[in-house]
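Here's the structure, in structure tokens; my notes come after.
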Amino acid sequence: MLKPGLLVSVSVHSLTEKGDGIATLEGRPLYIEGALPDEQVEVQLNLVKRNFCQGTLVRVLQPAAARREDFCRYTACGGCQLRVMNDEAQLELKRRLLVDVLQAKGLDCPVANTLGMSEPFHYRNKAQYAVKPGPEVGFYAKHSHQLVEVDECRVQAPVTTEVVQRTRAWMRRCAVSAYNEATHSGSVRHIMVRDGIHSGELMVVLVVAESPSNEALAQLVTELESVTGLASLMLNINAAVGNRVLGPENRLLWGKELIVDSLDGLEFAISPLSFYQVNPRQTEVLYREAMRLAKLQGNEVVFDLYCGIGTISLFMARHARQVIGIELVPEAIADARANAELNGITNIEFHQGAAEQLVPRLYAEGVTADVVVVDPPRKGCDTALLVTLAEMQPRRLVYVSCNPKTLARDLAWLCEHSFKLEQATPVDMFPHTMHVETVALLTRA
Ligand code: SAH
């Protein structure tokens, strides 16, 4: 009889979407955090249900070839799920995941090797540390709102450790309180650090429910001023109950309001609220792959749909006749226009609105594209947009996706509506996590 507490020896055959190992125990899946495919493990059962079980890894009896030593000492942190899998195996896993979802939809095309990083550490340019009474500073545990104290994170820029330590020391010294979720009282909620890896400019945003005293804020400036690269120190006021990190109001405490970063020679201005790709080195890899597949000759009209702050649009504009960028969020469109100006790029226009509404409208007015790039959020493209793209028949359609499932769904639809899937390339934007980014190319069938 299976029951909690029982020790079992099982072989792991696959991984869940969250990166937990899956074995089969008496006909039902057994989920084991930290276990890898192709290994024999001893597991203590925690949960025994009719259709699944969950257990704790006790020891690895026969390790997978992919296993390596954990590179991080914060075992409870939920940030990275594939830490014990070596880099090469992670890249192959991501390729496999993509192949499998495509095949499940009956799609058959060459899938390139995952484009990975040679040094997959310190890759993030944005850190968001949560702060709780103590003060404790860190990240949330897997599947929970439990804080795990983390000073040094291997995927963040090394300078963030210093910012966190200094900010915590400042809170203690100046008796600045941390925000308490339960009572909705206290001040500091998050410490956010953004760094322009190419420019070396650093922005620190202290997110508070209520502002510390001016005296305390002056001390914070003194504490952080000497951090290498600090270019901007902002106070963000977020008094709202809930999980949203940033509030609507920003106050400049020191330095300037925007920092600048560059991608492939283009400059982008970053404010506390603006969306910006989190792994800039891999963003270049991703966009170059999108550019390669778009195969621009210089005379095309390009639609960049879901354009965010216009990063892909600006990449394409240097090699096309005209680019039209479309994005839902008004602030992102404002940033996109500012970025075009910052780079002196004029063959570009940005429209704010839903792609599934604006593209049909533009098409009805006779505006069409030779090449279309889409980069939708996780839920993929709306059918109304796909219908218009099928009518418009661009020569090339480059689909950038952060979710293989909705990608496969949309590609299958497009292949039934006179497009041909030529190839797909997975790109590793978030090493050590289960996240798979893909660039796919469709042509007119
Ligand atoms: N291409 C950009 C951003 C991609 S993220 C980059 O590489 O940085 C996806 C973007 O789609 C977000 O900016 C989001 O605001 C936007 N978005 C979400 N739904 C949309 C819709 N229906 N129409 C247009 N844009 C949308």
> Glu152 passes all but one of (1) modelled with pLDDT of 95 or more; (2) open to solvent by 30 Å² or more (accessible area, probe 1.4 Å); (3) part of a loop (DSSP other than H, G, I, E, B); which number fails?
Replying inline: (1)
> Based on what the data block shows, is Glu356 within 11 Å of the ligand (Cβ to nearest atom) and either closer than 20 Å to Leu386 by Cβ or touching a strand residue (DSSP E or B) at 6+ places or on another chain (Cβ under 9 Å) (or both)?
Replying inline: yes
>> Condition check: touching a residue at least 12 places away in the same chain (Cβ under 8 Å) and closer than 15 Å to Ser9 by Cβ. Does Ala35 satisfy that?
In response: yes
>> Any residue at all in the stretch 374-389 that's within 10 Å of the ligand (Cβ to nearest atom) and of a type in the set (S, T, N, Q)?
In response: no
>> Condition check: open to solvent by less than 60 Å² (accessible area, probe 1.4 Å), modelled with pLDDT of 95 or more and of a type in the set (Lys, Arg). Does Arg68 satisfy that?
In response: yes
>> Exactly one condition in (1) touching a Cys at 6+ places or on another chain (Cβ under 7 Å); (2) under 18 Å from Val301 (Cβ atoms) is false for Arg378; which is it?
In response: (2)
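Here is a yes/no grid of residues against (1) more than 21 Å from Leu7 (Cβ to Cβ); (2) more than 22 Å from the chain's Cα centre (by Cα); (3) touching a residue at least 12 places away in the same chain (Cβ under 8 Å):
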residue	(1), (2), (3)
Leu25	no, yes, yes
Glu42	no, yes, yes
Asn46	no, yes, yes
Thr56	no, yes, yes
Val60	no, yes, yes
Arg73	yes, yes, no
Ala89	yes, no, yes
Arg96	yes, no, no
Gly106	yes, yes, yes
> Which pairs have Cβ atoms under 9 Å, sit 6 or more apart or on different chains, and link a residue in the stretch 260-285 that is more than 22 Å from Val400 (Cα to Cα) to one that is within 11 Å of the ligand (Cβ to nearest atom) and open to solvent by 30 Å² or more (accessible area, probe 1.4 Å)?
Replying inline: Ala269/Asp335; Ile270/Asp335; Ser271/Glu331; Ser271/Asp335; Leu273/Glu331
>> Quick check on my filter: what residues within the stretch 400-424 are touching a residue at least 40 places away in the same chain (Cβ under 8 Å) and within 17 Å of the chain's Cα centre (by Cα)?
In response: Val400, Pro404, Lys405, Leu407
> Taking the stretch 261-312 as the search range and keeping residues that are under 16 Å from the mean Cα position of the chain (by Cα) and open to solvent by 20 Å² or more (accessible area, probe 1.4 Å), which one is nearest to the ligand (Cβ to nearest atom)?
Replying inline: Tyr306
> Inside the stretch 329-350, can you point out the residues that are surrounded by fewer than 17 Cβ atoms within 10 Å (Cβ to Cβ), within 14 Å of the ligand (Cβ to nearest atom) and more than 17 Å from Glu267 (Cβ to Cβ)?
Replying inline: Val329, Pro330, Glu331
> Of the residues that sit in the stretch 207-257 and are among the charged types (D, E, K, R) and within 22 Å of Arg173 (Cα to Cα), which one is surrounded by the fewest Cβ atoms within 10 Å (Cβ to Cβ)?
Replying inline: Glu215
>> Tell me yes or no: at least one residue of the stretch 367-378 is within 27 Å of Gln282 (Cβ to Cβ), in the same structural domain as Lys420 (by TED's automatic domain parsing), touching a Gly at 6+ places or on another chain (Cβ under 9 Å) and open to solvent by 60 Å² or more (accessible area, probe 1.4 Å).
In response: no
>> From the list Ser177, Ser118, exactly one residue is polar (S, T, N, Q), open to solvent by 20 Å² or more (accessible area, probe 1.4 Å) and at pLDDT below 95. Which is it?
In response: Ser118
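The values are calculated or read from the model by the stated rules, or taken from the named source; none is laboratory data. These numbers come from a predicted model, not from an experiment. For neighbour counting, all protein chains shown are included, and Cβ atoms are generated from backbone atoms with ideal geometry for every residue, glycine included. Keep in mind that these areas ignore ligands, DNA and RNA; they rest on the heavy atoms of the full protein, side chains included. Shrake-Rupley method; radii C 1.70, N 1.55, O 1.52, S 1.80 Å.
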